[in-house]
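A short write-up of the structure that comes next.
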Amino acid sequence: MTLYIHIPFCISKCAYCDFFSKPFSSVKDSYVDALCKELDFRFKHKEGPRTVYIGGGTPSLLSENQLKKIISHIPLCNVKEFTIEVNPDDVNEKLLTMYAENGITRISCGIQSLNDKSLEVCNRRAGRAEVLSALKCFKENWKGDLSFDLISGLPYEIEETFIEGLKIISESGADHISLYALTIEEETPLGKMIDKGIISYDYEKADSMWLLGRDFLEKNGFSQYEVSNFCRNEKVSFHNMAYWEHESYIGCGSGGTGTIYREDGSAFRWTNSSDLKSYTDFWNSLSLEGNLDDAMNKIPQETEELDKETEIFEFFMMGLRTIKGVSRKRFETLFNKLLPENFVLQMKKWKEQGLSEIHSTDDDEIYTLGKKGICFLNRFLTELEL
């Protein structure tokens, strides 16, 4: 079981972002109070999470007292990895010291680019100077694990500036780099500017830039272990691996999503309301005394029952994102049935094309798309008939 906590506040919203966030310069105490109530409710009679990830939004807007309060409501006895996301321009020695003193073991910092023109058109708060200052501060003051997010194919990014940024980041002491290809969402400010021709955009060049970035990282000590994720010294994100390996997760906070997988292969999924008032009013008015069964039906959230067939498809969709692939033995344990024959046949067909690998052990078979086939994951899933 893992825990994700959503802090949906941003001083400003990036032009490409379609994630749920609200424009605030600070995190409201009433929201933190509601979040703590939800944590108490979700973990009542449950063992503590194996990993914790505080994301957003901008979690680095949390004050020390707010962070301490949230942490005090998390059962920490089983936690092996505790991650928080930060913005580069929030990074300073005091913040990093505070994180270390409060049990944070891993920082994920969204850098995206070191090209000022690209950062400006995307409405990023931190420019190149702020990013370089943050990198210096990390090197001098942070002893835990460190991950950076980068985006390939941003407007005005060219190969020279992209590779220069990757070089600086790869030499900064990072254990982990998430390299995402820019996704143009039509309803975002960036999507609208591209659609209206205000900004010209070359989709093919963007794709080739991601491949260039992947090759650079692998030549410089980073191993690809998932479609968009690379690490040194096996410093994978254990939290994200839980999603890809079909483990239950609890999502707390406005807009947070959680999924509980059942022994029969089905699942229950919820997504908390993105209406901040509804979220805070409900949790702050809820009494946690006595029987709370009725409260589940009143939570401002959308719920979904996922049948076994849906979860089998998700198992392949998520597991094949990773270089390690999926295990026959784990599939049969989770779903109490044999691996689908159509899946095996398709993997063998792709193997003949050099796009998949099948590895056998004494008691298991591992199916992976490998470094080449993983680039065509969507095509594999489209062709897959279960």
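The values are calculated or read from the model by the stated rules, or taken from the named source; none is laboratory data. Quick caveat, the model's predicted, so the values are computed rather than measured. Using ideal geometry, Cβ is built from the backbone for each residue, glycine included, and neighbour counts are taken over all protein chains shown. Heavy atoms of the whole protein, side chains included, go into the accessibility calculation; ligands, DNA and RNA do not. Shrake-Rupley method; radii C 1.70, N 1.55, O 1.52, S 1.80 Å.
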Look at residue 347 and say whether it is of a type in the set (A, V, I, L, M) and within 18 Å of residue 247 (Cα to Cα). no
Could you check, for region 111-123, whether at least one of its residues is outside any helix (DSSP H, G or I), over 22 Å from the mean Cα position of the chain (by Cα) and surrounded by fewer than 19 Cβ atoms within 10 Å (Cβ to Cβ)? no
Test set (1) of a type in the set (A, V, I, L, M); (2) closer than 28 Å to residue 160 by Cα; (3) assigned to a helix (DSSP H, G or I) - residue 126 fails condition number: (3)
Has region 134-151 got any residue that is open to solvent by less than 40 Å² (accessible area, probe 1.4 Å), more than 28 Å from residue 223 (Cα to Cα) and either touching a residue at least 40 places away in the same chain (Cβ under 8 Å) or more than 22 Å from the chain's Cα centre (by Cα) (or both)? no
Checked 83, 97 against criteria (outside any loop (DSSP other than H, G, I, E, B), among the hydroxyl-bearing types (Ser, Thr, Tyr) and either without any contact (Cβ under 8 Å) to a residue 40 or more places away in the chain or open to solvent by 30 Å² or more (accessible area, probe 1.4 Å) (or both)); the one match is 97
Out of region 22-64, which residues are open to solvent by less than 20 Å² (accessible area, probe 1.4 Å), in a loop (DSSP other than H, G, I, E, B) and touching a residue at least 60 places away in the same chain (Cβ under 8 Å)? 43, 49
What number of residues within region 65-78 are free of Cβ contacts under 8 Å to residues at least 60 places away in the same chain and either in contact with a strand residue (DSSP E or B) (Cβ under 6 Å, 6 or more places away or on another chain) or in a helix (DSSP H, G or I) (or both)? 7
Of (1) at positive phi; (2) open to solvent by less than 10 Å² (accessible area, probe 1.4 Å), residue 103 satisfies every one except (2)
Check region 149-160 and report whether any residue there is modelled with pLDDT of 95 or more, farther than 21 Å from residue 373 by Cα and touching a helix residue (DSSP H, G or I) at 6+ places or on another chain (Cβ under 7 Å). yes
In this structure, does residue 75 turn out to be closer than 23 Å to residue 286 by Cβ, out of contact with any helix residue (DSSP H, G or I) (no Cβ under 6 Å at 6 or more places or on another chain), open to solvent by 20 Å² or more (accessible area, probe 1.4 Å) and not hydroxyl-bearing (Ser, Thr, Tyr)? yes
If you go through region 166-183 one residue at a time, do you hit one that is of a type in the set (A, V, I, L, M), under 21 Å from the mean Cα position of the chain (by Cα) and assigned to a helix (DSSP H, G or I)? yes
Could you look through region 194-232, keep only residues that are under 20 Å from residue 17 (Cβ atoms) and open to solvent by 50 Å² or more (accessible area, probe 1.4 Å), and pick out the one that is modelled with the lowest pLDDT? 203
Suppose we keep only residues that are open to solvent by 30 Å² or more (accessible area, probe 1.4 Å) and outside any helix (DSSP H, G or I) within region 301-318. Which one would you say is farthest from residue 342 (Cα to Cα)? 301
For region 269-297, pairs from a residue that is buried (at least 18 other Cβ atoms within 10 Å of the Cβ) to a residue that is in a loop (DSSP other than H, G, I, E, B) and β-branched (Val, Ile, Thr), with Cβ under 8 Å and 6 or more apart or across chains, are 270/299; 272/299; 282/299
Residue check: is residue 356 small (Gly, Ala, Ser), under 26 Å from the mean Cα position of the chain (by Cα) and over 21 Å from residue 266 (Cα atoms)? yes
Within region 366-386, can you find the residues that are outside any helix (DSSP H, G or I) and open to solvent by 60 Å² or more (accessible area, probe 1.4 Å)? 385, 386
The strands (runs of 3 or more DSSP E) lying entirely within region 184-279 that contain at least 3 residues which are in contact with a strand residue (DSSP E or B) (Cβ under 9 Å, 6 or more places away or on another chain) and not β-branched (Val, Ile, Thr) are 223-226, 229-231, 249-252, 267-272
State all residues of region 323-365 that are touching a Phe, Trp or Tyr at 6+ places or on another chain (Cβ under 9 Å), of a type in the set (Gly, Ala, Ser) and in a strand (DSSP E or B); if no residue qualifies, say none. 327
